[in-house]
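The values are calculated or read from the model by the stated rules, or taken from the named source; none is laboratory data. Quick caveat: nothing in here was measured; it's all calculated off a predicted structure. Counting neighbours? That spans all protein chains shown, and the Cβs are built from the backbone with ideal geometry, glycine included. Just so you know, the surface numbers come from the protein's heavy atoms only, side chains and all, with ligands and any DNA or RNA stripped out. Shrake-Rupley method; radii C 1.70, N 1.55, O 1.52, S 1.80 Å.
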Amino acid sequence: MWTHFNPQLWQDIAISESIDSFGAVMWPAALALCYFLDNNRHLVNLQGRKVLELGAGTGLVTIVASLLGASVTATDLPDVLSNLRANVMRNTKGCRHTPQVAALSWGYDLEDSYPSSVCRYDYVLAADVVYHHDFLDELLATMKHFCRPGTTIIWANLVRFVTDLTFTENFKKAFNTSVLAEDGEMKIFMATYRKYERGHV
């Protein structure tokens, strides 16, 4: 199944989807985050920035961030990387920075696979990564791992379950959080890790 997304200034973005995997479907928060980034470049300037996407899925957010000038690494589980890579490569020809695609299992072997001394990002992007699954603690640990001084998380999510709200509360305890945009149960958060705030113990 193919979906076409048309941002303000570019050609159609063609995304291959599959209903066989959660990671191969274009979820609402990914669309919301892309529209936000495209229409708020004065607020979030991705030009020349190093960006990591968690749970990249179909690759739409990575594609839009790349078209906005970012150097992006898209991550997800190994079983969705083939479709993710194909979508990203198909839609980012001519971008200044060629996106990278890499496997990442939340909370697993992070320091060995992505050493914090080397893997530093200006932005960590995530869309619809919080839903009914058993790895919410691992997701939060992964977010913390990639957030160094100077890193900003931008996370978009559509609230569906009580566990989503629990995760959001735990997220706010660990991160200094503000709401960039909201529409009903759809929210886009911007956050920095409290650990690196001045005076934080």
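Points to keep in mind about this one:
- Meets criteria (open to solvent by less than 40 Å² (accessible area, probe 1.4 Å) and part of a loop (DSSP other than H, G, I, E, B)) for H133: yes
- Residue that is surrounded by the fewest Cβ atoms within 10 Å (Cβ to Cβ) [pool: residues in segment 186-201 that are hydrophobic (A, V, I, L, M, F, W, C) and at pLDDT 95 or above]: M190
- Residue check, F146 more than 22 Å from W27 (Cα to Cα) and either in contact with a Lys or Arg (Cβ under 8 Å, 6 or more places away or on another chain) or open to solvent by 70 Å² or more (accessible area, probe 1.4 Å) (or both): no
- Matching residues, segment 67-92, being part of a loop (DSSP other than H, G, I, E, B) and farther than 22 Å from T142 by Cα: L68, G69, T92
- Counted residues, segment 149-185 - those being open to solvent by less than 30 Å² (accessible area, probe 1.4 Å) and either of a type in the set (K, R) or within 24 Å of A70 (Cβ to Cβ) (or both): 9
- Among the criteria (1) open to solvent by 30 Å² or more (accessible area, probe 1.4 Å); (2) of a type in the set (F, W, Y); (3) closer than 18 Å to P78 by Cβ, the one Y114 does not fulfil is (1).
- Any hit, segment 49-56, residues being in contact with a helix residue (DSSP H, G or I) (Cβ under 7 Å, 6 or more places away or on another chain), modelled with pLDDT under 95 and part of a loop (DSSP other than H, G, I, E, B): no
- Selection from segment 116-129 of residues that are more than 13 Å from G57 (Cα to Cα), of a type in the set (A, V, I, L, M, F, W, C) and in a loop (DSSP other than H, G, I, E, B): V118, C119
- Summed over segment 24-49, residues that are open to solvent by 40 Å² or more (accessible area, probe 1.4 Å) and either touching a Cys at 6+ places or on another chain (Cβ under 8 Å) or farther than 18 Å from R85 by Cα (or both) total 11.
Matching residues to (1) out of contact with any Lys or Arg (no Cβ under 9 Å at 6 or more places or on another chain); (2) buried (at least 17 other Cβ atoms within 10 Å of the Cβ); (3) without any contact (Cβ under 8 Å) to a residue 12 or more places away in the chain:
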position: T73; (1), (2), (3): no, yes, no
position: L84; (1), (2), (3): yes, yes, no
position: C95; (1), (2), (3): yes, yes, no
position: V118; (1), (2), (3): yes, no, yes
position: L140; (1), (2), (3): yes, yes, no
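- Yes/no for A65 being surrounded by fewer than 21 Cβ atoms within 10 Å (Cβ to Cβ) and either at pLDDT below 95 or in contact with a strand residue (DSSP E or B) (Cβ under 6 Å, 6 or more places away or on another chain) (or both): no
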